[in-house]
Amino acid sequence: MPGRGIDFEQRFKPSRWAEDLLIESLGARYGLLAKRFGLSEVRPSDKLVYGLTSYKEPDLLVFRAADLSDDEKKKLESTNLDSTDREAFYGQADLSFAFPKAAAGVEVEFSPYRASEMTGRHWNLRSDDQWQKRPLKRAIPPIAPNIFVKEEDLPKLLEWERTTTVPIVIVHLFDQEAFAVSLKMISEFNARFENGTENRIQLQVTTGIFKLLQSYDRTDAQGAGEKKMVFRVAPAAAIKVGDVTGVTVSAQLGLSTSKKYVTQPVFSGGKIEITNEFLALLNSLPRRLPYA
């Protein structure tokens, strides 16, 4: 599908800020090295086409510094992985060590919400006993800093996992907090959801993962929107990556292809205090991917 102009650009800029913030945070202090990997850039809509590959690369690759030789670390630090020919990662090429030694691939999402102030921030999962006492008629996700994963992206990310054996983590940043979930967890939930042997409402409210149709606005389509199936993971079911502090928010004016003036939030600065739980997740991801 063709590139989508200003609506893509509006999402791209804060997403790139979120990636940079995570790269800076996952550094030497935690014995890690994070590098941008998946290529993402803004171009004119007639110059960019999406969806031509059968897989989707994660935005970042994260390495444990202790797993790298001095030479390997220097190569990673001096190379722009996102623009490197992918043949360099296979066979006997210079970067053939990268996939075997990567601790994780990280797909980064960002949403412009004040996370800790959202009404459902402290929503909790229902236990099986609570469900039995009071079954629900609908599975409604909380209005909270949920992690979003598009269903259309799941098989593409899984294919990249299978090809490289690098496990993927989804990290969703907000201006106050960040949360993570492994792709493995999403995949296993979806298998149960689609199997048809379990009550789907019970499955969602007891796992904290919801599968539903989500509406997306399209600035360039003059208010028209599109609907996509997504997975929404509530904070109660996710791993907290850390608290985000010191963020500055401003506004910027843009012009859509329909020549409509639109404004967008611009995020800058900030730092993330990484939690031990997220570090433990990065250190416990399996290299063998039977769920995929």
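Quick note: the coordinates plus some simple rules give every number you see, no bench work behind them. Being a predicted model, the structure only gives us computed values, none of them experimental. Cβ: placed from backbone, ideal geometry, glycine included. Neighbour counts: every protein chain shown.
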Arrange the peptides 179-186, 258-265, 15-22 so that the one whose residues have, on average, the most other Cβ atoms within 10 Å appears first. 179-186, 15-22, 258-265
Given all pairs of different Cα atoms, what value in angstroms does the Kirkwood hydrodynamic radius of the chain take? 20.3 Å
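What pairs from LYS75/LYS150; LYS13/LYS227; LYS75/LYS271; LYS35/LYS260; LYS133/LYS228; LYS75/LYS211 go past 31 Å between their alpha carbons? Please list the in-between numbers first.
Details: LYS75/LYS150 33 Å; LYS13/LYS227 23 Å; LYS75/LYS271 26 Å; LYS35/LYS260 36 Å; LYS133/LYS228 33 Å; LYS75/LYS211 41 Å.
Those over the limit are LYS75/LYS150; LYS35/LYS260; LYS133/LYS228; LYS75/LYS211.
Okay, helix-only estimate at 222 nm for the chain: each DSSP H run of n ≥ 4 adds -39500 (n - 2.57), divide by all residues, round to 500 deg cm²/dmol; what do you get?
Roughly -8000 deg cm²/dmol at 222 nm, from the helical runs in the chain.
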What is the sum of charges, Lys and Arg at +1 and Asp and Glu at -1, for the other residues whose Cβ falls under 13 Å from the Cβ of GLU273? -1
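What shape does the stretch 80-202 have by the C-alpha gyration tensor, where a ≥ b ≥ c are the square roots of the eigenvalues, rounded means a/c under 1.5, and otherwise prolate means a/b greater than b/c and oblate the rest?
oblate
Using +1 on the beta carbon of Lys and Arg, -1 on that of Asp and Glu, and nothing else charged, what's the dipole of the stretch 5-284 about the Cα centre, debye to 20?
Numbers: 37 positive and 39 negative charges, 194 e Å.
That gives the stretch 5-284 a dipole magnitude of about 940 debye.
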